[in-house]
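The structure appears right after this line, and notes come after that.
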Amino acid sequence: MEHKNEEHATKLLRAQTHVWNHIFSFINSMSLKCAIDLEIPETIHKHGKPMALSQLIDSLPIHPSKTNYIYRLMRILTHSGFFSQKKLNENELEMGYVLTDSSILLLKDNPLSMTPFLQAMLDPMLTNPWHELPAWFKNDDPSAFHTAHGLKIWDYAGREPKLNNLFNDAMASDAQLIASAVIEKCKGVFRGLDSLVDVGGGTGTMAKAIANSFPQLECTVFDLPHVVAGLQESQNLKYVGGDMFQSVPPADAILLKWIMHDWNDEQCVKILKNCKEAIKNKGKGKGQKIIIIDMVLEREKEDNISVETELFVDMVVMVLYPGKERNEKEWAKLIFSAGFSDYKITPVLGLRSLIEVYP
């Protein structure tokens, strides 16, 4: 009996720890945002070698009364893998902070910096809707964002320049990173094409990278008028404002990068049908297709960390848009419902896959 009591107590305490970790998990993201706002990665990077805690404290724009707290902020971020420690030199035991691959991705001057994405996702405009999630489940609003702000996210962004800028910068930073991977790993996808339309392409970061890498390709960024207004065109890159639910400009190929997961199944089928009409209107013989860059859930050999990230993103699109992440069966249903004949999934973009859809 005593053994059973001890076992019960152990399970209870383990369960308590599990609950605590989830209650406090927001501390990881808020601590990281604090470090970014204080420019801690930039400071360590500019130092150019392992940076002692005292040197870091002296370099930060903090009040003298807060100097003793920086160690605790750095301790949790080191535990989370954003910083590590190395000896200041071979003859000393004192340790200094250095950047990791993750914090290098958060440097502002890194061409692939994820800082704009962090700043957008953790802004109160996009975090407040999470507090409305229980209320959303009880009403008929399209999203928790709508419950929090009274408008759909795209309508709100059209009226609120701060959100529009945050969102566009976030998508541009993500596009820069994924574009480099696509161009490096998937060049063959663009062979034989003369024209491409990037639907929902924002300010054109992805299309610019493709246009620069494939000068023979005429690239068009197609997005809402307020998104593309006044943007600078180039020889093989232009901007067109419009609504993808009405029509899509004709091209050999249509690119949908991180677009489909924003919408429900009915809306996705409508988008795909408009894309199918766009490549049909371009004529035959050019290898017409739709190129989708999005997550494919429930892939084989996925690790727990990747699965958790996919589930996080699925919840994000549910709360903000609402949309959903899909497994291959769900993707196939959308593709065939829109009248396409076949598709090919290439899982070479980290958490996301490249899906080629054929008419």
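Values in this text are rule-based calculations from the coordinates and carry no lab data. All of these numbers come straight from a predicted model, not from anything done at the bench. Quick reminder, even Gly has a Cβ in these numbers, built from the backbone with ideal geometry, and neighbours come from all protein chains shown.
Taken along the Cα-to-beta-carbon direction at a fixed 7 Å, the label points for Lys185 and Tyr71 span 4.2 nm.
For the modelled label position 7 Å from the Cα of Lys280 along Cα-to-Cβ, which residues of the stretch 306-346 have backbone nitrogen atoms closer than 18 Å? Label zone hits: 334-343. Just to verify a number: FRET efficiency for His131 and Asp194, C-beta to C-beta distance, R0 = 45 Å, to 0.05? The calculated FRET efficiency here is 0.35.
Measuring between alpha carbons in the structure, the pairs from Lys46/Lys208; Lys152/Lys280; Lys33/Lys66; Lys152/Lys270; Lys185/Lys333 lying more than 24 angstrom apart are Lys46/Lys208; Lys152/Lys280; Lys185/Lys333. If each DSSP helix of 4+ residues adds -39,500 (n - 2.57) and the sum is divided by the residues in the chain, what number results at 222 nm, nearest 500 deg cm²/dmol? Dividing the helical sum by the residues of the chain leaves -15000 deg cm²/dmol. Decide, for the stretch 1-131, between rounded, prolate and oblate: order the square roots of the alpha carbon gyration tensor eigenvalues as a ≥ b ≥ c, take rounded if a/c falls under 1.5, and otherwise choose prolate if a/b is larger than b/c, else oblate. It comes out oblate by the Cα gyration axes. Assuming charge only on the beta carbon of Lys and Arg (+1) and of Asp and Glu (-1), the dipole of the stretch 1-125 about its Cα centre is about 140 debye to the nearest 20.
Specify which residue in the list Val269, Met51, Leu151 is farthest towards the positive end of the charge dipole of the chain, using unit charges on the beta carbon of Lys, Arg (+1) and Asp, Glu (-1), about the Cα centre. Going by the charge dipole, the pick is Val269.
Under 5 Å from the amide H of Leu237 lie the amide H atoms of Cys219, each residue being 5 or more positions distant or on a separate chain, with H modelled from the backbone and absent for Pro and chain starts. A protection proxy built from the mean count of other Cβ atoms within 10 Å ranks the segments 124-131, 193-200, 23-30, 231-238, most packed first, as 193-200, 124-131, 231-238, 23-30. FRET efficiency for Leu311 and Ile345, Cβ-Cβ distance as r, R0 = 25 Å, nearest 0.05? After rounding, the FRET efficiency stands at 0.80. Each Lys and Arg Cβ is given +1 and each Asp and Glu Cβ -1; about its Cα centre, the stretch 74-204 then shows a dipole of about 140 debye.
Extension gain, Arg14 to Cys34, is 4.2 nm, computed as 0.36 nm per intervening residue step minus the present C-alpha separation.
For the chain, the dipole from Cβ point charges (+1 on Lys and Arg, -1 on Asp and Glu) about the Cα centre works out to 580 debye, to the nearest 20.
Here's how it looks for Asp198: its modeled amide H is under 5 Å from those of Thr220, Val221, Phe222, Leu255, which are all 5 or more places away or on a different chain. Stretching the chain fully between Lys138 and Ser247 yields a gain of 35.8 nm (0.36 nm per residue, less the alpha carbon separation).
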